[in-house]
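The values are calculated or read from the model by the stated rules, or taken from the named source; none is laboratory data. Predicted model only: the values in this text are computed from it and were never measured. Positions of Cβ are generated from backbone atoms using ideal geometry, with glycine treated the same way; all protein chains shown enter the neighbour counts.
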Amino acid sequence: MARGDWRKYDARRDPVKRRAQLRKAMRKRRQRPEVKEYDRAAARKYLHAKKGLPVPTRPEPRECECCGRTSKRHLALDHCHETGVFRGWLCFDCNTGVGKLGDNEQGLLRALKYLRRTA
């Protein structure tokens, strides 16, 4: 082969290198705060539709609507499993507690009775 036939290696034409470059660019893009918030909102909207969750009637606050503590994680969308109605935003602990007590008033009242009896 003649010297002119050799092509200089070009990373843009190498599919493996190109994918690595694109992944790096996307990671960098996701670090920007405005993109992070948009991606999070879009993902949440998609998951709500996919899981059949109700649309929230108010935006997510900074603190739990049950205990009032701020959470490092995002708050959970609490909803009635029978009617599908949005109830509010709860932290992981409150959402788990309400669920474990049966998602109804009777479960909460039984727990309250127990606490009063043993205190």
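Residue pairs, Cβ under 8 Å, 6 or more apart or interchain, first in segment 89-110 and within 17 Å of LEU75 (Cβ to Cβ), second part of a helix (DSSP H, G or I). List them.
Sorted first by the residue in segment 89-110, then by its partner, the pairs are LEU90/VAL98; VAL98/LEU108.
Condition check ((1) part of a helix (DSSP H, G or I); (2) outside the structural domain of ALA41 (by TED's automatic domain parsing); (3) not small (Gly, Ala, Ser)) across all residues:
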residue	(1), (2), (3)
PRO61	no, yes, yes
CYS66	no, yes, yes
LEU77	no, yes, yes
GLU82	no, yes, yes
GLY88	no, yes, no
ASP93	yes, yes, yes
VAL98	yes, yes, yes
GLY107	yes, yes, no
LEU115	yes, yes, yes
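I need the full set of residues from segment 44-88 which are in contact with a strand residue (DSSP E or B) (Cβ under 7 Å, 6 or more places away or on another chain) and farther than 20 Å from ASP103 by Cβ, in order please.
If the condition is that a residue be in contact with a strand residue (DSSP E or B) (Cβ under 7 Å, 6 or more places away or on another chain) and farther than 20 Å from ASP103 by Cβ, then GLU60, PRO61, ARG62, GLU63, ARG69, THR70 are the ones that fit.
Which one is farthest from GLY52 (Cα to Cα), of the residues in segment 64-92 that are among the acidic types (Asp, Glu) and surrounded by 14 or more Cβ atoms within 10 Å (Cβ to Cβ)?
The selected residue is GLU65.
Collect the residues in segment 78-92 that are within 18 Å of the chain's Cα centre (by Cα) and of a type outside the set (Asp, Glu), keeping them in residue-number order.
HIS79, PHE86, ARG87, GLY88, TRP89, LEU90, CYS91, PHE92
Is at least one residue of segment 31-49 surrounded by fewer than 10 Cβ atoms within 10 Å (Cβ to Cβ), assigned to a helix (DSSP H, G or I) and not aliphatic (A, V, I, L, M)?
yes
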